[in-house]
Every structure is written in C-alpha cells, then in structure tokens.
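Below is one structure, written out as structure tokens; the observations come after it.
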2 protein chains.
Amino acid sequence: MAYQAPVRDYQFLFENVFKTDQYSNLKGFADADSATVMAIMEEAAKFTEEVVHPINITGDKEGCVLNADKTVTAPKGYKEAYKALTEAGWTALSGDPQYGGQGLPHFVNTAFSEMLSGASSAFGMYPGLTEGAISALTAGGTQEQKDLYLPKLISGEWSGTMNLTEPHCGTDLSLLRTKAVPNGDGSYRITGQKIWISAGEHDFTSNICHLVLARLEGAPAGVKGISLFLVPKFIPDADGNPGERNKLECAGLEHKMGIHGNSTCVMMYDEAKGFLLGQENEGLKIMFYMMNNARFGVGLQGLAIGHAALVAANQFAKDRLQGRALTGPKNPTGPADSILVHPDVRRMLLESRALIEGGRAFLTWVSLLSDLAKVAEDEAGREKASDSVSLLIPVIKAYLTEKGLKVTQDAMQVHGGSGFTEHFPASQYMRDVRITLIYEGTNGVQALDLVGRKLPSKGGRALQAFLAEIDAYIAAEEAGSIVPAYIKALKDTKAKLFDGTMWLMQNGMGNPDAAAAGSMDYLHLFGLTCTAYMWARMAKEAQAEVSAGSTDPFFDTKLKVGRVFLERILPDADAHLIKMKAGSEGLMELADDQF
Amino acid sequence: MAYQAPVRDYQFLFENVFKTDQYSNLKGFADADSATVMAIMEEAAKFTEEVVHPINITGDKEGCVLNADKTVTAPKGYKEAYKALTEAGWTALSGDPQYGGQGLPHFVNTAFSEMLSGASSAFGMYPGLTEGAISALTAGGTQEQKDLYLPKLISGEWSGTMNLTEPHCGTDLSLLRTKAVPNGDGSYRITGQKIWISAGEHDFTSNICHLVLARLEGAPAGVKGISLFLVPKFIPDADGNPGERNKLECAGLEHKMGIHGNSTCVMMYDEAKGFLLGQENEGLKIMFYMMNNARFGVGLQGLAIGHAALVAANQFAKDRLQGRALTGPKNPTGPADSILVHPDVRRMLLESRALIEGGRAFLTWVSLLSDLAKVAEDEAGREKASDSVSLLIPVIKAYLTEKGLKVTQDAMQVHGGSGFTEHFPASQYMRDVRITLIYEGTNGVQALDLVGRKLPSKGGRALQAFLAEIDAYIAAEEAGSIVPAYIKALKDTKAKLFDGTMWLMQNGMGNPDAAAAGSMDYLHLFGLTCTAYMWARMAKEAQAEVSAGSTDPFFDTKLKVGRVFLERILPDADAHLIKMKAGSEGLMELADDQF
C-alpha cells in the first residue's frame, strides 16, 4: 500500500507519446534529453517513495501545532524532509539558471511534482506555494527584487505564500479590506487579516515571503484598486539576510477535514512592512500568474492523490481474500479468491486507471505547452502555446480534481470497511483530495472562467486552434489508423464538444445565466475531449509497439486500460451535452425563499 | 445551518401521494390516520431538531472513549438524549403491541428514523441496531425468548447489536471462525473475535444483546454451517433482569473517518454464554431478516444525511454574500449578492433536492410496501408486497447512499473553503455519509444481490410485477395527463431498464461475469426508474393542487424541483445502459499482475 511513483508511465509519455527529444534545440531542453530525464525520474521516485511518503500518514494524524509564541511546528519529520528536498536541489529543478535554478523544462518539474504530491500532498504544498511566489516575482518583480528573493526561493532556503482570502471575501476579491499605506521610502505598511493561508507559518525556512493583496487608500473601488505586496516575515537586511522581524503573525490554524500536515493559517498583518510588486492597483494582473501556476498545481494534486489512492486500492484488492469468482475458484488452494476476481472491483480499479492515465497525459501535454509558450522558436509558436495553456488551465484544475475525487472514492470502496478506518490510507487520500475541488477558485469558478473568459478571449482564437488541432489529428490518422476505435471515439466526443460550444454561442450571448448554468457540464465535456485525444495518441503508440513485436507488458496493459476508457468513461459525454442544453430557466425560476 | 426535519414533505407524501388513509382498514393503520401521523411528525421534528441535533457536532469532535475497565463512554449528551428518546416512546413506535410497542405502521417509523439519522446519524445508529435485533428475534426467537427480550428491546431499556464480521471475513461469511460449543443445558459457549460492531459497548442501557454468528464444531463447511446466537452482556436472571456479567468485552474502538459518536467495537467473546436463535446451522436465514432491516436503514441513512447537508448548504448559500449576479446586482444595497444568484450554485442545490425528494418518496413507498407485506388483507397482496420489498431493498441501500454521497459532496462544494473546515457541518456530513456505501454489504454487493438473486428469484416474479405496475401506471395516466413530461420520462427510463434487463438475461445466463460487470450501472438504472416513477406521482399531485388554485408555495416548488429531476438527473440513464452493455470482457482480460 506504500506509494509507487509512476516512472514507467512518464517514460512512455516522454519517449513514445510526446517524443520530448524532438525539442532538443529549444532552451532548457538540451539538458533534458530522454536519458537524463529518466535518470531524474528514477531519483524522484526514490526520493518521494522513501523520504516523503513515510511522513504522509503520521503528518495527517499529528497535524500542525500553533505554539504560544505564534510559531508553528509542522509534523515530525517534515522539517528534515524539507531539508532533504532542498539539499537534493528538487525545488530548483525548473528554476531560472540566472538565479541558481537548473533551468530544466516545466514538464520535468511537473512529473516530479506529481510524485511529490502523490507521496504527500500536505508536504508538497510547502514548496508548491513557493513556486507560485516565484512565478509572481518573475512576472512582476523589479530586477532588484528578483536578485534579492529569487535565488533564495528557488533554492528553497526561503518559502512563499499567497494571501488573497479574507473572512468575508473569497472568490470576490473586490470586497477585500486589507489596507496598505505608503511609508514614503518606497515601502508600505500593510494591515489586515487573511485566512486560509497555506504554509503561512512553519519551522523549516529562515524566511517566509508572503504575497499579500491589499488596497491603497483612495484606490478605485473593486478589483481595479487592488495592489500586490511582498511582505517578508523577516525584512531582509543590507546583505539580503533575514533581519528585523516584521509585524505579522499566525493568529490561528484552521481545523480542516484533510491536508492536516499543511499549516493553514489565519495571518494578521499589523502595519507590517511590505514592498509593492508591479504597479499600484495592478496587483491582480501579477497575482493571476501565481494563480494560474497554482491552478495547474491543484489539478496536478487531484491527479496525484488519485494515483496514490489507486496504488493502495490495487494492492488491497490483490491481498484481500474474500469470496470466490462467479466462474469458479481462481485460488482453489487458498481459503478464498482475491477480490480482484470480481468484475465490479475491476470496474472501479480500471475506470480509475483510465482516468488517471488519461489525466496524466493531459497534464504532461499542457506542461509541455507551457514550456513552448516560453521557449518555442518563433513568436507565433509561443503565442499559440500560450493561448492553449490559458484555455486549458481551468479544465486541468476542475476536470482533474473532479476525477481525482471519483478515483479516491472508488479506492475507498474497493477497501470495503477497512477503507473507512484510519488504519488504511484510503480515508486520508479522500480527505486530502477534497480540497482540490475548492481552493484556487472552486471548480464552479473554473467552469465560469472557461465559458465566460477563456472561450471568448481574443475572438475565440484559442478554442479555434484547439479544435483545429484535434480535427487535423483526426484527418491525419483516420485513414489506416491502427487504433480506429480511438479515432472514432475522439471524433464523436469532439463533435459533442463542438455542438456544446455552438449552443453556448447561440444561447450564452444573450443570456449569461444560460452559459453559466451549462458551464460545469461543458467543462466535463471539454475534459473528456482532451483525454480522448490523449488516449488516441497513447493507444497509437502502444499499439505500434505491440504490432512491432514488443513483449513489454506495459503496452498490452495500456491498450486494455484504454479500452475501459472508451467503454466506460466516454459514454458520459452525451449526458453532459443534454444537461447543458437544458439551459438556465429551470434553475433560475425559483425565488430565494423556495430554497 | 441547524437541522430542519422534512415535515411538510412527509405530509405531502402521506396525504397527497400515497394517501395512507386509504389503508385505515388494515392492522395498525387505524391508529395512523393522517392527523395523528402529522402530530407525531411535528413532535418528531421537535425532538430531533432540539434534543438530538445539538449533540451531533460535539459528538463528532469528542468521539467515544474506551476506558481502562473496557467500558465505553459515548460523547457528552448522548446518554441523556437516549434517555429522552426512550422515555418519549420513540423506540417503540412500530413495535409489536404484544410486547409493549405502539404498533404503528412501518412507514411512520421510517419517517421518524429519517429525522433521527438526519439530526445525528451516529446517535441514530444506537436505536437503529436494536431495531435489527428486534427483527431477528421476531423472526427466529422462541416464545420464551421473545417474552424475555422483546419488551426490553422495544422500550429501549436494552439495546442490540449485529456481530458478523471478523478480521479476515467481511462479505464472505463462509470464512468465519467464531465457535460455539454446547453447554449441555441448551446454552452454548461462544469464543471468537468480531470487528466493526456498531454500538457494541456504551453507557446508556442496562444490557446489550449481541446477536453473534458462530460455527458449531462439526458443522458443515461454508455458510451452511453458521448458527446465530443471542449473547447478552449480562445474562438475564430468573426474573429477567440483568444478572451475571457475561464473558465478553470490547477490546478496542476503531478510528474511523466519520460517525465518531458511534462506538465501533472490536468484541472479544471468551466462552461467553449464548443462546441459539432458530435452528443450528440455520443462522444466516434469520440474520437476513436483520440484514434486510439494516440495509433499508442504511439507505435511509444515506438519504437522511444528504437532506441534512442540503439544509446546511441552502442556508449557507443564502447567507454568503460574494460577487454579483451575471445579469446585474440582485442585492444592490448590499456589499454583494448572495451566491444563490449563481446558476451553478443553484444547479448543485436543485439537483441535490431533486435526488433527496425523489429518494424520500422511494423510501416511503417501500416502507409502505413492507407494511402491506405484513398486513395486506389477502395473501396475494402480502406476497406481492413482500416480493417488491425484497427486490427493491438493494436498490434502496445502494442508490440512496450513492446519491446521498453526491448530495453531501455538492453541499460541501456550495460552502467553498468553509466547507473544508470543521467549523461548518459539511465535512462531518460527508465523513458520516461515506460509510453508508460500505456497511451492511458494500454497494457492489447490493448490485450483485439485485442481478444475481433478486431478479431471477421465483422465476423473475418480483421484477415482472414491478414492471407491470409501472406499465399500468403509464397506461392509466398517459392520455390526458396533467404532467405529460413526467409520464414520457418515466416511459423512456423504464424502457431503458427493460432493455438492460433483456441484455442481462441474454448475456448474464451464460456468463455470470457479464451480469456482474454491468450490475452497478443496472442498479443505477433501476434507481432512476424508481425515482422517475415517484416524481411522476408527486408531480401529478402537486400539479393537481396548483391547477385547483392552491397558493401553497410548496406545490409550486415541488414542480420546479421536479423539472430539475427531468432535465438534469434522468439524462444519466443512457450512459448507464451503454456502460452495462460493454460487458465483462474489457474488465476481465487483464491478468492479476497487470493491476
């Protein structure tokens, strides 16, 4: 039941499916040839399985402690694991070499991050939040700020946080009250309360850099009056070392259903010294870099926890002897057969696997696109990749977390009664994964982002390119395909997505409620199309290997899992289309007091 | 966010939909005229809202404690609430008057039980398990045993438990090892370990009657060698009072994800004195009475917790001011609109409500059938009702718990970040409801029971009668229906169920794996058909009231919720049919080591 990192699956994705060696001429990719990347993956698996995973369950049981002096003690072993993480250079994997990073492509870091989050999602959040801070600083920091903070954040010597939410204001940032007053020396005094600040306070870095949204006096009302500040726990001295203790503290820890190993803090800022990032009143623009990074990371987390839960469920199903196969004993000399003989147990395990492996390919594809958005040779290529990433981020976030939850639910169900006890890991995975549907914008917010912002953005350019890519793939593969069932399934699913898109255009323009009412079903349809595309590409490569005589069971298994995707996952597409076309009237016709 | 019992909904079901007064000639129903039942419902609401619900959250946080002397202390307030429960006569509601019960029909007790479980599922399990013990004793006890135990169990002075599971043996009872040795005086010595014994030890009754499955020496192997014993914590003395302490004890409490207020015990029997119930080696037959009762109760629990979670979500959505409606401010003088303005929030709340209200009607229908199975005037009527109950119990158990989980998930999602904290009730509802998909036979076991046992039983008589009833309803209502959309939807859904049934007959006979592979999707299709039938009947009555000029907003709301059922719940039927027809090959073709 211990964690097993999906190294072989990543090898297949990198070498067979996405052929990452084809990009060796691009910046960063030269150092990421297949052999190097797979050596990194092996080390990543070893590190996450052996160093990180052992503290996952104990961290859940112990949780974090807020001490009388307002410091926070993370669970036993977290500090040591974090030290090992930074010493091995894992936090610097994709960091800018100018600031001490290894400059490897994002896709390598994505694979490592899946392993880290799968081994322990609560632990993985500490460096995860720092990654967000790095992206915000990179996007909006001055050269001086970058020089001062980036090396320490990339090395993991310091960590970062995101401070958006206030008690009365989560999704709706226009309501935020934390205020900033200029000190006259270029710095500001920040005062206010922030809640649900992940990794807000802990005992394993010498400084914590809080990125805080606040409002300047006289700033425009609403989201146009929000500025972003960097508020370090210790104000760097002239040498850039942690100096004076800033006026901020952790005033409380949330009691949460899961991710107990991560400190979720109430943060109080009382005239704390802060430094503006970017321009006044333009904080949200930078924060969005951080949020996009975070949303991708949350989708990844949903997938990662799902994979970990599935590993546990597969093992449990093989070990648990109970009952007999309906077609006669399969383990006649034992007291009973393993529950793996039961079709419904296999259904749960294989549906889960089809979702996880399709989701992992989807995640890897988008991570590669985000590399191309930065380093593709020509501007047109960078723009196209950037468009796609922007379009697909809400789908990554919401679809992968919805399916991650389904997988952990089924993993628990495979465990039977044992799954409900805390002696087996299923309960923790379910409690941990549940937050991924909520934070960094609830999945409903992602669906609204998809239909309300991402589809119409730039005249629908990103969506058109996305659909064109799939059409081109089908056109190229259709005749003489070695996996025709997958091409047909992709064509059918994409047609439904197109149908849904047309419906949105015809109905959502005049009535935004109609688009919103169908947004979640549309997002699911989008996710199904993306993963049908991934499965078509994966099946083709696996079939090619089998046809060429490979006896590696990996390829045979891949095709069998793909079959389950076609037979038991894709049929949901129709229902999503029908439901979205029901429109908003049936939802909106009730008065408030009818709820 | 406090619990609100669904009194008005039950009034509608009893008076408008099922017209329970029509049965006034039947035993027990004479005392259950509509006015009396509604007076009981009002009291039940008051009791569960005011006495039971307040200890639900504290019970979750405190949990149960196993003391050094092996006694168990339930959370604060549980003992007092149990005393109030028994003193008010709630445990005796449907008990046999011969043994001190009030003799009211089962449907009345079902409604009360939903309120009890909704207010606190962990607390409700204590009397719930006793109900199971009563049904087993009624079915298999000698007159002497009934006279001794039933009055005390019905009054709640004593409680009961079910002891099936052992560490190596849950679903597969053929493996059980607990042994029974005759003492020569008609009693037996019981030795063994049982786990996951709900309400196995606590501090609020003067005796606990454990019903224990065990094996006599020399008994036939497998399930044909299992006997059922009544093993009281205190052996009744000559006067029937608790006497000598029996040799059994609680050796440990499970650490569980939810239902913390209920003591889930490891029970050790060390030559404990037990009394045979029924015949040697025929224990399972009686245990099945108890299990059927328990399975109905678990389906009820799934629904009840779902309702409670929905109440909390509705309230949260009304209170939470965040963002603005897409169509312009609805609360222009406030800082923001309530999140109820958002179509996707309404989607979650209304889909949940459509599931809960349809499920409640389904539960009420089956509870009435179980009354008719006992007291219908003629043998044919009793037999038909009994057939239907037997057929529908696995659907009640699995469908209502699956949907109960969906509802609690959406209730948490409506809460956003607050839902993941333990300051709001959403997390507890989700953690509590999760066990309902597992215990008393996992939902996969229910699906197998449906397709493998219940469909073919007695030549398929029960299924044929079920389909005939729906056909007859459609035939009678179709022409000139005032709710034609519901009749059409029922007809379509039933046609899919019929299609699925034919597929099972054609494919499952020769290949049991094919039937098992599709069993869960078939069960969902069955649940959708049952609830489509219920919604057709509810909509007709609501529409009739509206058409007759009723201004009671209840009827208008009912029709609007029904619309959501048609538009957003029923479209799943097709996908279930397609998935089940995929058959078993895709699931069974993987070797064990491919998992």
Out of A:A485, A:A475, A:A515, A:A462, which single residue is free of Cβ contacts under 8 Å to residues at least 60 places away in the same chain and assigned to a helix (DSSP H, G or I)? A:A475
If you scan region B:218-248, which residues turn out to be within 18 Å of B:T71 (Cβ to Cβ) and within 28 Å of the chain's Cα centre (by Cα)? B:V231, B:P232, B:K233
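Restricting to region A:435-491, and then to whatever is of a type in the set (D, E, K, R) and closer than 30 Å to A:A542 by Cα, can you tell me which residue is farthest from the other protein chains (Cβ to nearest Cβ)? Steps first, answer last, please.
Of region A:435-491, the ones of a type in the set (D, E, K, R) are A:440, A:449, A:453-454, A:458, A:461, A:469, A:471, A:477-478, A:488, A:491.
Checking which are closer than 30 Å to A:A542 by Cα leaves us with A:469, A:471, A:477-478, A:488, A:491.
Working: A:E469: 27, A:D471: 25, A:E477: 22, A:E478: 23, A:K488: 15, A:K491: 17 Å.
Residue satisfying both the conditions and the ranking: A:E469.
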Restricting to region A:331-363, count the residues that are of a type outside the set (K, R) and assigned to a helix (DSSP H, G or I). 20
Across region A:32-48, the tally of residues that are surrounded by fewer than 18 Cβ atoms within 10 Å (Cβ to Cβ) and either of a type in the set (D, E, K, R) or closer than 12 Å to A:G118 by Cα (or both) stands at 4
Can you tell me which residues in region B:165-181 are touching a residue at least 40 places away in the same chain (Cβ under 8 Å) and touching a helix residue (DSSP H, G or I) at 6+ places or on another chain (Cβ under 8 Å)? B:T171, B:L173, B:S174
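Identify the residue in region B:414-430 that is surrounded by fewer than 24 Cβ atoms within 10 Å (Cβ to Cβ) and assigned to a helix (DSSP H, G or I) and, among all such residues, is nearest to the other protein chains (Cβ to nearest Cβ).
First pass over region B:414-430, keeping only residues surrounded by fewer than 24 Cβ atoms within 10 Å (Cβ to Cβ): B:417-418, B:421-424.
Checking which are assigned to a helix (DSSP H, G or I) leaves us with B:417-418.
Working: B:G417: 5, B:S418: 8 Å.
Once the filter is applied, the top-ranked residue is B:G417.
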Among (1) over 30 Å from B:D449 (Cβ atoms); (2) of a type outside the set (D, E, K, R); (3) in contact with an Asp or Glu (Cβ under 9 Å, 6 or more places away or on another chain); (4) in contact (Cβ under 8 Å) with a residue 40 or more places away in the chain, there is one condition A:G358 misses while meeting the rest; what is its number? (3)
Candidate set: region B:129-151, residues that are over 22 Å from the mean Cα position of the chain (by Cα), more than 24 Å from B:L216 (Cβ to Cβ) and not aliphatic (A, V, I, L, M); chosen: the one farthest from the other protein chains (Cβ to nearest Cβ): B:D147
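So which residues in region B:284-305 are modelled with pLDDT under 95 and not basic (K, R)?
Hits for region B:284-305 are B:L284, B:I286, B:M287, B:F288, B:Y289, B:M290, B:M291, B:N292, B:N293, B:A294.
I want to confirm something. Restricting to region A:572-589 and keeping residues that are in a loop (DSSP other than H, G, I, E, B), surrounded by fewer than 21 Cβ atoms within 10 Å (Cβ to Cβ) and facing another protein chain (nearest Cβ under 8 Å), which single residue is nearest to the chain's Cα centre (by Cα)?
First, the residues of region A:572-589 that are in a loop (DSSP other than H, G, I, E, B): A:582-584, A:589.
Cutting the leftovers down to surrounded by fewer than 21 Cβ atoms within 10 Å (Cβ to Cβ) gives us A:582-583, A:589.
The next check asks that each one be facing another protein chain (nearest Cβ under 8 Å); those that pass are A:582, A:589.
Details: A:A582: 30, A:E589: 36 Å.
Once the filter is applied, the top-ranked residue is A:A582.
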Looking at (1) within 12 Å of chain B (Cβ to nearest Cβ); (2) in contact with a helix residue (DSSP H, G or I) (Cβ under 7 Å, 6 or more places away or on another chain), which is the one condition that is false for A:G500? (1)
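What residue, of B:N241, B:N293, B:N281, B:N262, is among the polar types (S, T, N, Q), surrounded by fewer than 16 Cβ atoms within 10 Å (Cβ to Cβ) and either out of contact with any strand residue (DSSP E or B) (no Cβ under 8 Å at 6 or more places or on another chain) or within 27 Å of B:I393 (Cα to Cα) (or both)? Lay out the reasoning, then the answer.
Details: B:N293 fails: surrounded by fewer than 16 Cβ atoms within 10 Å (Cβ to Cβ); B:N281 fails: surrounded by fewer than 16 Cβ atoms within 10 Å (Cβ to Cβ); B:N262 fails: surrounded by fewer than 16 Cβ atoms within 10 Å (Cβ to Cβ).
After applying the criteria, what remains is B:N241.
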Working only within region B:216-229, note down all residues that are surrounded by fewer than 22 Cβ atoms within 10 Å (Cβ to Cβ) and touching a residue at least 24 places away in the same chain (Cβ under 8 Å). B:L216, B:E217, B:A219, B:P220, B:A221, B:G222, B:V223, B:K224, B:G225
Only one residue in B:G527, B:G518 is buried (at least 22 other Cβ atoms within 10 Å of the Cβ) and under 21 Å from B:A468 (Cα atoms), so which one is that? B:G527
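Residue by residue through region A:538-560, note down the ones that are closer than 28 Å to B:K581 by Cβ and either part of a loop (DSSP other than H, G, I, E, B) or more than 8 Å from chain B (Cβ to nearest Cβ) (or both). Can you show your working first?
So in region A:538-560, the residues closer than 28 Å to B:K581 by Cβ come out as A:538-540, A:542-543, A:546, A:555-560.
Selection gives A:M538, A:A539, A:K540, A:A542, A:Q543, A:V546, A:F555, A:K558, A:L559.
Just name the residue that is farthest from the other protein chains (Cβ to nearest Cβ) out of those in region B:152-186 that are in a strand (DSSP E or B) and closer than 14 Å to B:G222 by Cα. Walk me through it before giving the result.
So the first thing to find is which residues in region B:152-186 are in a strand (DSSP E or B), and the list is B:158-163, B:166, B:169, B:179-182.
Now drop any that are not closer than 14 Å to B:G222 by Cα, which leaves B:169, B:179.
On the way: B:C169: 7, B:K179: 16 Å.
Applying the filter and picking the extreme gives B:K179.
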Taking A:G306, is it part of a helix (DSSP H, G or I) and either in contact (Cβ under 8 Å) with a residue 24 or more places away in the chain or more than 8 Å from chain B (Cβ to nearest Cβ) (or both)? yes
Flag for B:E114 being within 29 Å of B:M430 (Cβ to Cβ), part of a helix (DSSP H, G or I) and acidic (D, E): yes
Enumeration of residues in region B:368-405 that are under 11 Å from the mean Cα position of the chain (by Cα) and among the hydroxyl-bearing types (S, T, Y): B:Y399, B:T401
All conditions in (1) surrounded by 22 or more Cβ atoms within 10 Å (Cβ to Cβ); (2) out of contact with any Ser or Thr (no Cβ under 9 Å at 6 or more places or on another chain) are true of A:I339 except (2)
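The values are calculated or read from the model by the stated rules, or taken from the named source; none is laboratory data. The structure displayed is predicted, hence computed values, not measured ones. Cβ atoms come from the backbone with ideal geometry, glycine included; neighbour counts cover every protein chain shown.
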